[in-house]
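Input: one structure, supplied below.
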Amino acid sequence: MSIPILMYSLSTQNQRVDSFEYLPSEEQPKIYSTDNLPTANEMDQIIWAAYRQIFSEHQTLYSNKELFLESQLRFNQIKIKDFIKGLLLSNSFRYLNYDVNNNYRFVEICIQRVLGRDIYNEREKLAFAVIIGSKGIEVFINLLLNSDDYLENFGDNVVPYQRRRIIVQRNKGEIPFNLKTPRLNNNFLYKQGMPQLLWSGPIHRFRPQEQKPKAGDPALFLNMVNDISFI
């Protein structure tokens, strides 16, 4: 028996932050749409905007391009919504965002990039994470693209964009949701085969300069690494 999606309320400060459209002092987002038969150059810009929104700038590589989907969009065989779906279900997007994260972080990434907002609360994140675990990624993506949230703001012919104001991260200034790095911490390093230093002894957070490390102290290892000179 499938698990029904959890109900959740809109109970976050992000809910009370005005969208770009209602803040005349803020820079207005540029809307990329195919409603008015774009020229070839305008279509290039539309496609680039879609890649930038879904893959973010640090993932927008030539190797991640979906040339067949681009061709279909250029010749009006599919709509922008279909193009966005194709990018989300591509092997590149899965490898860069799903394979290196758990379901909870993947939900955050997709909501930020597809719906143009942050998650409302932890219950929304949990609800969609359950959908991914029980029904798979494609069902989750379809739920986002067919949601009232998406259809009312973007419809079939508008590239998703950041609808909420930019967020502030400590020591990083203000950055859009879709430009946040998909890898936050060390929890998923093992998925990429990255080495991890495991230490079962006590953790020394502060050491007076005159105190010498004893045998087995990780400080000895760190000193050895720092003393290595590369030719």
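The values are calculated or read from the model by the stated rules, or taken from the named source; none is laboratory data. What you see is a predicted model, and the numbers here were worked out from it, not measured in a lab. Here Cβ is always computed from backbone atoms with ideal geometry, including for glycine, and neighbour counts include all displayed protein chains.
Inside region 57-133, counting only helices (runs of 4 or more DSSP H) that do not spill past its ends, which hold 3 or more residues that are under 11 Å from the mean Cα position of the chain (by Cα)?
103-114
Inspect region 97-117 for any residue being crowded, with 16+ Cβ neighbours inside 10 Å, hydrophobic (A, V, I, L, M, F, W, C) and touching a strand residue (DSSP E or B) at 6+ places or on another chain (Cβ under 9 Å) and give the result as yes or no.
No, the conditions are met nowhere in region 97-117.
Considering only residues of region 28-43 that are of a type outside the set (Phe, Trp, Tyr) and either within 18 Å of Ile84 (Cα to Cα) or not assigned by TED's automatic domain parsing to the domain that holds Asp156 (or both), which is surrounded by the fewest Cβ atoms within 10 Å (Cβ to Cβ)?
Top of the filtered list is Lys30.
For the list (1) assigned to a helix (DSSP H, G or I); (2) modelled with pLDDT under 95; (3) of a type in the set (A, V, I, L, M), I need the number of the one condition that Ile141 fails.
Ile141 satisfies all of (1) assigned to a helix (DSSP H, G or I); (2) modelled with pLDDT under 95; (3) of a type in the set (A, V, I, L, M) except (2).
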